[in-house]
1. For region 254-329, which strands (runs of 3 or more DSSP E) that fit wholly inside it have 1 or more residues that are free of Cβ contacts under 8 Å to residues at least 24 places away in the same chain?
2. If a residue must be modelled with pLDDT of 55 or more, of a type outside the set (F, W, Y) and assigned to a helix (DSSP H, G or I), how many such residues does region 12-63 contain?
3. I'm checking my understanding of the structure. Among residues of region 153-178 that are out of contact with any Gly (no Cβ under 9 Å at 6 or more places or on another chain) and part of a helix (DSSP H, G or I), which one is nearest to K128 (Cα to Cα)?
4. Of the residues that make up region 197-208, is at least one over 21 Å from D94 (Cα atoms), surrounded by fewer than 24 Cβ atoms within 10 Å (Cβ to Cβ) and over 13 Å from the mean Cα position of the chain (by Cα)?
5. Would you pick out the residues in region 274-295 that are at pLDDT below 95, farther than 18 Å from N46 by Cβ and not aliphatic (A, V, I, L, M)?
6. Restricting to region 83-113, and then to whatever is farther than 27 Å from L198 by Cβ and of a type in the set (D, E), can you tell me which residue is farthest from the chain's Cα centre (by Cα)?
7. May I ask you to verify whether L239 is of a type in the set (A, V, I, L, M) and touching a residue at least 60 places away in the same chain (Cβ under 8 Å)?
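The values are calculated or read from the model by the stated rules, or taken from the named source; none is laboratory data. Owing to the predicted nature of the structure, the values given are computational and were not obtained by experimental measurement. Please note: Cβ atoms are built from the backbone with ideal geometry, for glycine as well, and neighbour counts cover all protein chains shown.
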Amino acid sequence: MERRKFIKNTAWGTLALGSLQACADNGVGVPVNVKRGANVLISTWNHGLAANEEAWKVMGEGKSALDAVEAGVRITEADPKVSSVGYGGFPDRDGVVTLDACIMDHKSNAGSVAFLQDIMHPVSVARKVMEDTPHVMLVGEGAREFALNSGFEAQNLLTPEAEKAYKKWLETADYKPVINIENHDTISMLALDAEGNLSGACTTSGAAWKMHGRVGDSPLIGAGLFVDNEVGGAAATGLGEAIIKTAGSAMVVELMRQGKSPQEACEEIVERIHNIYKDLPDLEYLQVGFIALSKSGETGSYCLRPGFNYAVCNETEGNRLIDAGFKMQ
C-alpha cells in the first residue's frame with residue numbers, strides 16, 4: 001500500500017510539474033520552487049499576455065490572487081505603447097490624462113479611484129483605498145492627494161506620442177467612442193490562486209478625447225468588475241456607459257450563481273446590451289466585451305462585435321491569446 005501511494009503521488013507530482021512547465025514554455029517565467037495549485041488567469045486584450053506573465057510569476061511565488069492582479073495590470077499601466085491605460089494613455093478633450101481603476105478581493109473588499117491625475121499606478125492607489133481607508137472610492141483631487149500622502153510620486157503621464165495624437169485629433173475634434181482591436185480600452189484581470197480564492201482588477205485611462213471629468217465603468221464595482229468568491233468573477237471592457245447601465249459584471253456573476261457557465265453568462269449580458277441599443281444610432285460604434293472566471297477555474301468571454309481578444313493562462317495550456325466570440329458583425 002505504501003508503495004502504491006508513492007507511485008501515485010510521484011505520478012501526480014510529475015504531471016503537475018509538466019503542467020507548470022507548459023506555462024513556462026509559453027513565455028510565463030515560472031520559478032522552480034513554485035507553489036502548485038489550480039492557478040488561473042484571464043485578462044482583456046493582447047496586452048493581457050504581458051500582464052498575465054507577471055501575474056503568473058507572482059502566484060508562482062505563492063502569493064495571492066490579489067497580489068497577482070495588482071502586479072499584472074501594473075505592467076500595462078506602465079507601458080507607454082498602450083494608449084488606453086496609464087502612462088501613455090490618450091488624454092481627454094482638454095488634453096489631460098485622467099485615470100480610473102478598481103480592485104476587489106475574495107472577501108468582497110474593494111477599492112477604487114476615479115478621475116485620478118499624475119499617478120502612474122492607479123490600481124495600487126485603489127488597493128490602498130481598500131486597505132487603508134474606511135471607503136471604497138476616492139475621486140479627483142482627493143484621490144490624488146491621498147496617493148501623494150501614501151508615498152506615490154506625481155509625474156507627467158502625457159507622452160510625446162499621446163500628445164501628438166491629441167493635437168492631430170484637435171484638427172477635427174470629432175468624438176466617437178470607438179473601441180476595437182486598434183483602439184484598445186481597459187485592461188481587466190481575474191485570478192484564481194492555489195488557495196481557491198478569486199480577485200480582480202481593472203484599470204484604464206478611459207475613452208480618448210472624452211469630456212473632462214467623464215468616468216466610465218472601470219472604477220465602478222459591479223460594472224467594470226465584480227468578484228464573488230463563492231461563485232466567480234467577471235470584468236468588462238468597451239463602452240463604459242453601456243456597461244454601467246446594465247451593471248454588467250455583477251450581472252454576469254449573478255447568472256453564474258444561478259447555474260450558467262462563465263461563457264453562457266457573458267453571452268446573456270451581451271445579448272441584453274444589444275437589445276437595449278439595437279434600435280439606437282449608437283449601435284454603429286458600440287463595442288462591449290466581458291471576461292469571466294468561475295470558482296472551479298472555468299473561463300468564458302463574449303463581445304458584441306468582432307475585434308475583442310483576451311488572454312488566458314493556466315497550468316495545462318500556458319499563456320495564450322484568444323479571439324472572443326461575438327454577437328454581430
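1. 318-323
2. Taking region 12-63 and keeping what is modelled with pLDDT of 55 or more, we get 38-63.
With of a type outside the set (F, W, Y) added as a condition, the list becomes 38-44, 46-55, 57-63.
Next, only the ones that are assigned to a helix (DSSP H, G or I) stay: 48-55, 57-60.
The qualifying residues number 12.
3. P160
4. Within region 197-208 (the criterion being over 21 Å from D94 (Cα atoms), surrounded by fewer than 24 Cβ atoms within 10 Å (Cβ to Cβ) and over 13 Å from the mean Cα position of the chain (by Cα)), the answer is yes, since at least one residue qualifies.
5. Y277, K278, D279, P281, D282, E284, Y285
6. D94
7. Taking the combined requirement at face value, the residue satisfies it.
Quick grid of which residues meet (1) more than 25 Å from G206 (Cα to Cα); (2) modelled with pLDDT of 95 or more; (3) within 15 Å of the chain's Cα centre (by Cα):
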site: A250; (1), (2), (3): no, yes, yes
site: M256; (1), (2), (3): yes, yes, no
site: S261; (1), (2), (3): yes, yes, no
site: E267; (1), (2), (3): no, yes, no
site: V270; (1), (2), (3): no, yes, no
site: S301; (1), (2), (3): no, yes, yes
site: G307; (1), (2), (3): no, no, no
site: V312; (1), (2), (3): no, yes, yes
